[in-house]
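Inspection log for the structure reproduced underneath, given as structure tokens.
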Amino acid sequence: MKQRFIHICVLILSIFIQLNNTKVVRAAEMNFSVKAALPKNQINHNIGYFDLRMKPEQIQTIQVILENSTNEEVVVEVYPNVATTSSIGNVDYSEANSEYDDSLAYPFSELVTTENEVNIQPHSSYTLDVTIQMPEESFDGMILGGLYFIEKDTDAENSEESVKATQVENRFSYTIGVKLTETDVQVTPELLLNKVYPSQVNYRNVVNVHLQNPTATVIENLEIEAAVYSKNGNKLLYQMNKGKITMAPNSNFDYGISLEKQRFKSGVYRLEMTAVSGEQQWEWTELFTIEKEEAEFFNSEAVELEESALKIWLWISVCLVGGIVIIFVITKKKRGDMSS
């Protein structure tokens, strides 16, 4: 009986651990390729993306060659996207219909006209026309975007549920960047700190610092050092230092400071942050508040907190208590049967 009880507890604990560590992995097949056909007004012909010198109100059609080397037809979706800054600090062209930064005057996606979907026959190529219409007013700096190509999931049903269930990361994709300039004027980058607030990334507690690049230029090789203290304290609570960050023009992102498995505690805190890009340097000291309700909510949703080990021991305790009760009931019943 004891051995059976131990086996049951171990089985329950194993299932509990497995459910919390299950991962689903799917492989993407390389069914198509893309190549930019660089035009005469290409500034640098030694790169694989479009770097075009344009004029106000100019209309130009550029071309991309898509190739299918498989034995089956491939359907490719085409998205002209605005360049954004990802949560890990890279320029990203994959976010279709994303919210634009409020400093962006000319979204790339609104200047481009092209096909939404392309059918490429087996062992053949397709030349895609992409028409760009520049704004009426002249500008310094750059407009940065990307042509995002992703294989259509033709096996999925056309229901709303199936569309939501389709994971974009599991489909093979390509991006060709498009940089549009009109002058050689160098734009001085700016970096703004707009907000500091508690949040979560993948159910792990972080302090987010919302940073914005409101200028029409890329901020490259950005080095950020951030530290969090209590309002008037000198003891370091959390920190995050990261380099090689690239911010797209007229974009924003959240720089996350991990709590390293610690719980949020309500109170007033002080952020000290320094950011350096080349000769440019920015420094901030900002106070922010974590409300009691926020701390309780995020802590209840968080995983891998330092106290989370107590949950496992709680499960073991439940098993032990339940087993003892079962043994007691069975033993008492047997004694009753024997006495009768």
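Computed from the coordinates by the stated procedures, all read-outs in this text should not be read as laboratory data. These numbers were taken from a predicted model, which means no experiment stands behind them. Glycine gets a Cβ as well: all are built from the backbone with ideal geometry, and neighbour counts include every protein chain shown.
Over the Cα atoms of segment 192-304, the radius of gyration divided by the Kirkwood radius equals 0.99; this is the Rg/Rh ratio.
The loop-placed GluC sites (Glu not before Pro) in segment 114-146, going by DSSP, that have at most 15 neighbouring Cβ atoms within 10 Å of their Cβ come out as E115, E136, E137.
For segment 174-262, the list of chymotrypsin sites (Phe, Trp or Tyr not before Pro) that fall in a loop by DSSP and count at most 16 other C-beta atoms within 10 angstrom reads Y203. Beyond 28 Å in Cα-Cα separation lie the following of the pairs K244/K265; K242/K265; K195/K231; K152/K195; K152/K179; K231/K261: K244/K265; K152/K195.
Which GluC sites (Glu not before Pro) does segment 204-257 hold that lie in a coil by DSSP with at most 15 other beta carbons within 10 Å?
Details: sites: E220, E223, E225; in loops: none.
Answer by residue number: there is no such site.
Net charge around P122, counting only other residues with Cβ within less than 12 Å of its Cβ (Lys, Arg = +1; Asp, Glu = -1)? Don't jump to the answer; show the numbers that get you there.
Numbers: positive: none; negative: E67, E72, E73.
Net charge around P122: -3.
Legend: calculated FRET efficiency, D102 to H123, from the Cβ-Cβ distance at R0 = 51 Å, rounded to 0.05, equals 0.60.
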